[in-house]
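The values are calculated or read from the model by the stated rules, or taken from the named source; none is laboratory data. This is a predicted model, so every value here is computed, not measured. All Cβ positions, even for glycine, are placed from backbone atoms using ideal geometry, and neighbour counts span all protein chains on display. Remember, those area values only see protein heavy atoms, side chains included, never the ligands or the DNA or RNA. Shrake-Rupley method; radii C 1.70, N 1.55, O 1.52, S 1.80 Å.
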Amino acid sequence: SQQGEEDPQALSIQEGENATMNCSYKTSINNLQWYRQNSGRGLVHLILIRSNEREKHSGRLRVTLDTSKKSSSLLITASRAADTASYFCATDDSGGSNYKLTFGKGTLLTVNP
Amino acid sequence: DAGVIQSPRHEVTEMGQEVTLRCKPISGHDYLFWYRQTMMRGLELLIYFNNNVPIDDSGMPEDRFSAKMPNASFSTLKIQPSEPRDSAVYFCASSPGGDTQYFGPGTRLTVL
């Protein structure tokens, strides 16, 4: 079964708007990561947040983590057409290997110019 | 660095044939992962290696699938015999020993 589940499944916004995607997971984790996948390409790592962190920033990306609710959010500010892609959260299992990631099914973000 | 290299990028084969997918990880990365992506099941971890040794193959769907890593710069995923339900995009990823994984461009496999 999927560890991480993204919400919404699809999101369509206008260029310049902010995009927020959410991820829920089931078991305790060490880390949570977000990846981006452009159509027909491999996944690209965006950001990693550790279980003892609550918020992390990288450029136009802001990630929050709430371990009590087992949820995370990814905010992309001032979106661009080039941000159009699928976004996945990936979690490990604190009871297992840090390197065995489980991915959600992703949020398809479309940024309209 | 060239990144993770996978070949072939596309493979079309007939049911019953043997399929071999290849991966060259980023130099110096100690971990190598094989994933399969389908619309129905999303991205699934099949197997991963650490220092060329298979660590967890619990995601390998059945005995028709096998993976090897004969050295630090090369890995193969073999399907024999292939079936139409094996049609998917197969990704290889490598990691330098931390948590971040670097993905290759994938191999799109179609089994007719």
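Of the strands (runs of 3 or more DSSP E) lying entirely inside the stretch A:29-113, those carrying at least 2 residues that are among the aliphatic types (A, V, I, L, M) are A:43-50, A:61-66, A:71-76, A:85-91, A:107-112.
Meeting the requirement of 2 or more residues that are within 14 Å of chain A (Cβ to nearest Cβ) and open to solvent by less than 40 Å² (accessible area, probe 1.4 Å), the strands (runs of 3 or more DSSP E) wholly within the stretch B:1-96 are B:19-24, B:31-38, B:42-50, B:88-95. Within the stretch B:1-27, the set of residues being within 16 Å of B:R85 (Cα to Cα) and of a type in the set (G, A, S) comprises B:G16 only. Taking the listed residues A:R50, A:R60, the one that is open to solvent by 10 Å² or more (accessible area, probe 1.4 Å) and modelled with pLDDT of 95 or more is A:R60, with no other qualifying.
When you check B:T110 against the structure, is it in contact (Cβ under 8 Å) with a residue 24 or more places away in the chain and among the β-branched types (V, I, T), yes or no? Judged against the criteria, B:T110 is a match. Within the stretch A:19-68, the set of residues being more than 18 Å from A:D92 (Cβ to Cβ), touching a strand residue (DSSP E or B) at 6+ places or on another chain (Cβ under 6 Å) and in contact (Cβ under 8 Å) with a residue 40 or more places away in the chain comprises A:A19, A:T20, A:M21, A:N22, A:R36, A:Q37, A:N38. When A:S28 is tested against (1) modelled with pLDDT of 95 or more; (2) open to solvent by 60 Å² or more (accessible area, probe 1.4 Å); (3) away from every other protein chain (no Cβ under 12 Å), only condition (1) is not met.
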